[in-house]
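Data block below; observations after.
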Amino acid sequence: VEYMTTKFNVAEVERSCAEKYLKALKLKDEITPDMVVEDGRIRLKVFQSVEQYNGIRSAIAWVYKVARVEMPFAQDLGTYIKGITRHVAAAKQHLGLKLTKGKAVMKPEAYELIAEHLFKSGEKRDIFNHLMLLLDWNLMKRSENCLNVKMIHIEFEEDYLKFVFEKEKGKQHGDMHGPWHCFANPEKPHICLVLAFARYIFAFPEVLQEGKPLFPGTNQYTRYSSRMHDLFFEIKDDLYDIGIDWRELGTHSTRKGVGSMVANASTVGPPIVALCLRAGWKLGGVKEMYLFRQDAGDLNVGRRAACLDIETKEFGISPPYFDCSDLDKDGKLAVMAKVDRWLKDRIPKVDSIPANSWNLAVQCFA
């Protein structure tokens, strides 16, 4: 608890706000000259958010758990954190601090704006960043989950991309693996996941080889996070025009944005169980024992996450495909054989590409 009391944030506020804050909490602290900054504002120490204190508690608890020693002051920490909630609320009320927690929600219009900039970028690195952003949005997973996916866990089946994950943050033992379904959006190429996949695998065909991860390398999250931060700054004026402060966006903003959009895209929302399971959010209690993932619910969530309009017939739109409906059986085989040869002439080491990855390449090529 003594350690917790040393952890504060600093806020610079108007003098009247500082006085109201101190009065509301019945604190005996007085405003001293050393607290006054150049413009007459007052520099105050304020409590961190409850989430930050909970994070400190979790870190301390983990150390004790690893050491296999019972944490003797667990109850005291809980009491302390519960007690500061009044202080945190007062700071937000009287000092004008941010009311929301964590990074801001990435609105659909912001998502499309960012995706379009990456889509139109002439830099090869942004082919990776564009796919990563779209995966983050469509799968509704943490960036770390998307970055660790292997090609063997991705298939193109019927009219959707199918992903399988062995574990997630809240499910560490492989008991929540999917599959998760993602769809194309041919009407908006800059947010079409299938097109993003096509651009990526033909720019980096080595990922198709057997046993390869989708994103090879050891610092991919740092690369992605750094590039997104730079991009937010580059388009800060455009973001400002739609009511978003670029400094409030982060990689977690994507999950907040797509979750909010999917849940509120229509008055007839998707199954809440399907939404929570796809995003990796715990249902809690007895619900996790009786409510399980089924394809129908996830298919619905997947189409909504692709930004398809549920109120139009385009909600059921197909991905691009080779239309051989006017040909007989032999004609269809001839066309697909020609496509197959064309691709094999341009993709290296085709003999070591597994069947699921080759089918993915063919379907994305369409």
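The values are calculated or read from the model by the stated rules, or taken from the named source; none is laboratory data. Being a predicted model, the structure only gives us computed values, none of them experimental. FYI the Cβ positions are ideal-geometry reconstructions off the backbone, even for glycines, and counts take in every protein chain you see. With ligands, DNA and RNA removed, areas are computed over all heavy atoms of the protein, side chains included. Shrake-Rupley method; radii C 1.70, N 1.55, O 1.52, S 1.80 Å.
Tell me, which residue of segment 234-263 that is buried (at least 17 other Cβ atoms within 10 Å of the Cβ) and among the basic types (Lys, Arg) is nearest to residue 305 (Cα to Cα)?
Ranking the candidates gives 255 first.
Quick grid of which residues meet (1) closer than 21 Å to residue 111 by Cα; (2) modelled with pLDDT under 90:
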residue	(1), (2)
263	yes, yes
268	no, yes
279	yes, yes
283	no, yes
303	yes, no
314	yes, no
334	no, no
344	no, yes
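Of all residues in segment 148-174, which are at pLDDT below 75 and loosely packed, with under 14 Cβ neighbours inside 10 Å? Working first, answer last.
Initial filter on segment 148-174 (at pLDDT below 75): 166-174.
Listed by number, the residues that qualify are 169, 170, 172, 173, 174.
Just a yes or no: is a residue in segment 100-107 modelled with pLDDT under 85 and crowded, with 16+ Cβ neighbours inside 10 Å? Steps first, please.
Here is the first cut: in segment 100-107, the ones modelled with pLDDT under 85 are 100-104.
When the remaining residues are screened for being crowded, with 16+ Cβ neighbours inside 10 Å, the result is 103-104.
Taking every residue of segment 100-107 in turn, at least one turns out to be modelled with pLDDT under 85 and crowded, with 16+ Cβ neighbours inside 10 Å.
Consider residue 140 carefully, then state whether it is open to solvent by less than 70 Å² (accessible area, probe 1.4 Å) and at positive phi. Working first, answer last.
Details: open to solvent by less than 70 Å² (accessible area, probe 1.4 Å): yes; at positive phi: yes.
The answer is yes for residue 140.
Does residue 273 qualify as being in contact (Cβ under 8 Å) with a residue 60 or more places away in the chain, in contact with a helix residue (DSSP H, G or I) (Cβ under 8 Å, 6 or more places away or on another chain) and not acidic (Asp, Glu)? Give the derivation first.
Details: in contact (Cβ under 8 Å) with a residue 60 or more places away in the chain: no; in contact with a helix residue (DSSP H, G or I) (Cβ under 8 Å, 6 or more places away or on another chain): yes; not acidic (Asp, Glu): yes.
The answer is no for residue 273.
For (1) open to solvent by less than 50 Å² (accessible area, probe 1.4 Å); (2) part of a helix (DSSP H, G or I); (3) over 16 Å from residue 163 (Cβ atoms), each residue gets a yes or a no:
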{"position": "311", "(1), (2), (3)": "no, no, yes"}
{"position": "340", "(1), (2), (3)": "yes, yes, yes"}
{"position": "348", "(1), (2), (3)": "no, no, yes"}
{"position": "356", "(1), (2), (3)": "yes, yes, no"}
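When you check residue 22 against the structure, is it within 15 Å of residue 87 (Cβ to Cβ) and either touching an Asp or Glu at 6+ places or on another chain (Cβ under 8 Å) or modelled with pLDDT of 80 or more (or both), yes or no? If you could, list the steps in order and put the result at the bottom.
Numbers: within 15 Å of residue 87 (Cβ to Cβ): yes; either touching an Asp or Glu at 6+ places or on another chain (Cβ under 8 Å) or modelled with pLDDT of 80 or more (or both): yes.
Here the answer is yes, as residue 22 does meet what is asked.
Pick from 325, 318: which is of a type in the set (S, T, N, Q), at pLDDT 90 or above and open to solvent by 50 Å² or more (accessible area, probe 1.4 Å)?
318
Residue check: is residue 88 touching a residue at least 40 places away in the same chain (Cβ under 8 Å) and not in a helix (DSSP H, G or I)? Before the answer, list the steps.
On the way: touching a residue at least 40 places away in the same chain (Cβ under 8 Å): yes; not in a helix (DSSP H, G or I): no.
Criteria not met by residue 88.
Among the listed residues 70, 14, 51, 30, which satisfies the condition of being open to solvent by 80 Å² or more (accessible area, probe 1.4 Å), farther than 16 Å from residue 90 by Cβ and touching a Gly at 6+ places or on another chain (Cβ under 9 Å)? Spell out the reasoning first.
Values: 70 fails: touching a Gly at 6+ places or on another chain (Cβ under 9 Å); 14 fails: farther than 16 Å from residue 90 by Cβ; 30 fails: touching a Gly at 6+ places or on another chain (Cβ under 9 Å).
Answer to the selection: 51.
Output the number of the condition that residue 247 fails; it satisfies all remaining conditions of (1) of a type outside the set (A, V, I, L, M, F, W, C); (2) more than 20 Å from residue 132 (Cβ to Cβ); (3) at pLDDT below 85.
Answer for residue 247: the failing condition is (3).
Quick check, is residue 285 more than 25 Å from residue 163 (Cα to Cα), open to solvent by less than 80 Å² (accessible area, probe 1.4 Å) and under 28 Å from the mean Cα position of the chain (by Cα)? Steps first, please.
On the way: more than 25 Å from residue 163 (Cα to Cα): yes; open to solvent by less than 80 Å² (accessible area, probe 1.4 Å): yes; under 28 Å from the mean Cα position of the chain (by Cα): yes.
Yes; evaluated as a whole, the condition is true for this residue.
Please identify the pairs in which a residue from segment 190-215 that is in contact (Cβ under 8 Å) with a residue 12 or more places away in the chain has its Cβ atom under 6 Å from the Cβ atom of a residue that is open to solvent by 30 Å² or more (accessible area, probe 1.4 Å) and polar (S, T, N, Q), counting only partners at least 6 apart or on another chain.
Close Cβ pairs satisfying both conditions: 209/352; 210/352.
Output the number of the condition that residue 86 fails; it satisfies all remaining conditions of (1) out of contact with any helix residue (DSSP H, G or I) (no Cβ under 8 Å at 6 or more places or on another chain); (2) at pLDDT 80 or above.
Unmet condition: (2).
For segment 175-205, give me the residue count where each residue is outside any helix (DSSP H, G or I), over 21 Å from residue 296 (Cα atoms) and open to solvent by 10 Å² or more (accessible area, probe 1.4 Å). Don't jump to the end; show me each part of the working.
In the first step, residues of segment 175-205 are kept if they are outside any helix (DSSP H, G or I); the result is 175-188, 192, 204.
From the residues that got through so far, the ones that are over 21 Å from residue 296 (Cα atoms) too are 186-188, 192, 204.
When the remaining residues are screened for being open to solvent by 10 Å² or more (accessible area, probe 1.4 Å), the result is 186-188, 204.
Count: 4.
Tally time: how many residues in segment 33-48 are open to solvent by 80 Å² or more (accessible area, probe 1.4 Å), outside any loop (DSSP other than H, G, I, E, B) and either among the aliphatic types (A, V, I, L, M) or at pLDDT below 80 (or both)? Before you say what the answer is, go through the steps one by one.
Taking segment 33-48 first, the residues open to solvent by 80 Å² or more (accessible area, probe 1.4 Å) are 33-34, 38-39, 43, 45.
Remaining after also requiring outside any loop (DSSP other than H, G, I, E, B): 33-34, 43, 45.
Now restrict to residues that are either among the aliphatic types (A, V, I, L, M) or at pLDDT below 80 (or both): 34, 45.
The total comes to 2.
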